[in-house]
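Structure first, then comments.
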Amino acid sequence: MKIAVLKEGDGETRCAAIPETVKKFIALGADIAVERGAGDGASISDADFEAAGAKLGSRADVLKSAGIILSINGPDPESLKGADKRALLIGGLDPLRRRETIDAYAGAGLEALAMEWMPRITRAQSMDILSSQSNLAGYKAVIEAAAAYGRAFPMMMTAAGTISPAKVFVMGVGVAGLQAIATAKRLGAQVSATDVRSATKEQIMSLGAKPIFVENVAGIEGEGAGGYATEMSPEYQKAQAELVSSHIAKQDIVVTTALIPGRPAPRLITDAQIATMRPGSVIVDLAAEAGGNVEGTVSGERVEKHGVTIIGAANLARSLAADASALFARNLYSFLSAFWDKDKSGVALPDGDEIVKAIRLTQGGKVVNERLTAA
Ligand code: NAD
C-alpha cells in the first residue's frame, strides 16, 4: 500500500505526516511518498522525511498508484488528477462548507474521509483532529491576548510598586477553553470561566479558576449530547446576557470559544457590553470563523471598538505548525493503524463501523454520508 502525503496550499503551514508517523507507517508495511516541500511550513525538511524512509517527489509522482492520500485540508480536486480511483482521501475536508468539492471527489471516484466528523467515543479519542488542534488554539489564544495587552498578566511586587494580576474570563469551556484557562493560570492571571454545560463547572474549579454560571435558568445537564452544546432557550440567553454584563466590565481579557455544531456560533458579547470594558482590554474570539461570539468580530483580523482590541482568531493551530502537524499526523496514524489489515497490507473499513459511518463522505462515485445527503 502506497500512502501519499500532499504539500498544502492556501497559506497552510501544517503537514499531514511527520518523520515519526512515516516510520510507523513503514513498520506497518506501507510505502510513503511525500510531496517535495510538504514539511516546509512545519520545519520538517525533505531530508528529514527521506531519512525516515519516505520517497520524495512531485504531486504527480506521489499520487501515482497511491491507495491512501493524506492531507490537512481537502485539496483542489483538479490537483488530484492521476490519483487512483478508489484511493482514500483523508484529511480535514470541511464537508458542509465545501459541498461542491466533495461532489468532485465523488465524481473522481475517490473515497473521501472527513477526519473532523470523527465521533466522540473513547475509541476515537486519539483520532480526533478537532480536539488536538483546538487544544493548541486555546493555548495560542491566550498568548495572542497577552501579546496585545499593554499590561502584564501576573501580579508583580516591585520596588517601584505593585502590578495587579490580569483578570481573564473564558467563555465556552470545551477543549480550547480548558487549555485557555490552564495557560492563563500559568501566566499568573486571575481566571474565571463559563459554559452552558454543567459538567464543566468542576473542570473549571479543578484548574483553579472561578466558575461563573447562570443559576436561575437550567443549562445543559452534564456533558450534553456527545460533549456538544445546543442552542439555548430565549430565557437562558437573557439570563446569560445579564450575567455577562455584570461580569465583563471587570475583565481585562476575554477568550470566547463557544460553538454549536452545525449552527452559527452563539452571540455572547454585544457592542454595548464591550463599551463597559476598560480601554486596553483584549478579546480573542476563537469562534470567529463560525460567525463569532462577539459583536464586531472580523475573522482573521484585529479590530478596535471602544478602546478594546478584538482579535478574530482564525485557525490559530497554523501558527504552531510543528506541534499542530505532529498531533494531526498522529491522529491520522491512530485512525489508519486501527483499521489496518496486515493480510491485505492496507486498510479495511467495514461499512457498519461507527467511525467509518461517521467520517466516510463518498464511495463508489457517490456522496454517501447522511449528513450530506440529508442536507
Ligand atoms: P465545542 O468546540 O463544540 O464548543 C466549545 C464550548 O462552547 C463547549 O464547551 C460548549 O458547551 C460551549 N458553548 C456552546 N454554547 C455556549 C454558550 N451559549 N455559552 C457558553 N458556552 C457555550 O466543544 P469541544 O471543545 O469540541 O468539546 C466539548 C466537550 O466534548 C468537552 O467536554 C470535551 O472533553 C468533549 N470531547 C470528547 C471527546 C471524546 O470523547 N472523543 C473528544 C472531543 C471532545
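Overview of results
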| quantity | calculated |
| --- | --- |
| Test for Arg318: is it touching a residue at least 12 places away in the same chain (Cβ under 8 Å), within 19 Å of Ile72 (Cα to Cα) and under 14 Å from the mean Cα position of the chain (by Cα) | yes |
| Residue check, Gly29 under 26 Å from the mean Cα position of the chain (by Cα) and among the small types (Gly, Ala, Ser) | no |
| Residue in segment 272-292 that is open to solvent by 70 Å² or more (accessible area, probe 1.4 Å), more than 16 Å from the ligand (Cβ to nearest atom) and within 30 Å of Gly41 (Cα to Cα) present | no |
| Verdict on Ala42 being open to solvent by 20 Å² or more (accessible area, probe 1.4 Å) and modelled with pLDDT of 95 or more | no |
| Condition broken by Glu301, with the remaining ones in (1) within 13 Å of the ligand (Cβ to nearest atom); (2) more than 16 Å from Met171 (Cβ to Cβ) satisfied | (1) |
| Wholly enclosed strands (runs of 3 or more DSSP E) of segment 104-179 bearing at least 1 residues touching a residue at least 60 places away in the same chain (Cβ under 8 Å), closer than 17 Å to Leu316 by Cβ and within 19 Å of the chain's Cα centre (by Cα) | 167-171 |
| In segment 77-108, residue nearest to the ligand (Cβ to nearest atom) [restricted to those that are of a type in the set (Gly, Ala, Ser) and closer than 18 Å to Lys357 by Cα] | Gly92 |
| Residue within segment 188-202 that is open to solvent by 50 Å² or more (accessible area, probe 1.4 Å), within 13 Å of the ligand (Cβ to nearest atom) and over 23 Å from the mean Cα position of the chain (by Cα) present | yes |
| Selected residue (criterion: nearest to Arg123 (Cα to Cα)) from residues of segment 341-366 that are part of a strand (DSSP E or B) and open to solvent by 30 Å² or more (accessible area, probe 1.4 Å) | Asp341 |
| Hits in segment 117-129 (condition: near the ligand (Cβ under 10 Å from one of its atoms) and not β-branched (Val, Ile, Thr)) | Met118, Pro119, Arg120, Arg123, Ala124, Gln125, Ser126, Met127, Asp128 |
| Search result, residues across segment 219-229 that are more than 8 Å from the ligand (Cβ to nearest atom) and open to solvent by 80 Å² or more (accessible area, probe 1.4 Å) | Glu221, Ala225 |
| Members of segment 203-218 that are within 20 Å of Gln179 (Cβ to Cβ) and either loosely packed, with under 12 Cβ neighbours inside 10 Å or near the ligand (Cβ under 8 Å from one of its atoms) (or both) | Gln203, Ser206, Gly208 |
| Which listed residue is within 24 Å of the chain's Cα centre (by Cα), small (Gly, Ala, Ser) and on the phi > 0 side of the Ramachandran plot, from Gly74, Gly9, Gly37 | Gly37 |
| Looking only at segment 230-264, and only at residues there that are small (Gly, Ala, Ser) and either near the ligand (Cβ under 8 Å from one of its atoms) or at pLDDT below 90 (or both), the one that is most open to solvent (accessible area, probe 1.4 Å) | Gly262 |
| Verdict on Met171 being open to solvent by 20 Å² or more (accessible area, probe 1.4 Å), touching a Ser or Thr at 6+ places or on another chain (Cβ under 9 Å) and within 24 Å of Pro279 (Cα to Cα) | no |
| Any hit, segment 295-308, residues being small (Gly, Ala, Ser) and surrounded by 16 or more Cβ atoms within 10 Å (Cβ to Cβ) | yes |
| Only one of Ala313, Ala324 that is crowded, with 24+ Cβ neighbours inside 10 Å, farther than 19 Å from Val170 by Cβ and not charged (D, E, K, R) | Ala324 |
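The values are calculated or read from the model by the stated rules, or taken from the named source; none is laboratory data. All values derive from a computational prediction rather than experimental measurement. Neighbour counts are summed over all protein chains in view; Cβ atoms, including those assigned to glycine, are modelled from backbone coordinates with ideal geometry. Ligands, DNA and RNA are stripped out before the accessible areas are found, and what is left, the full protein with its side chains, is counted by its heavy atoms. Shrake-Rupley method; radii C 1.70, N 1.55, O 1.52, S 1.80 Å.
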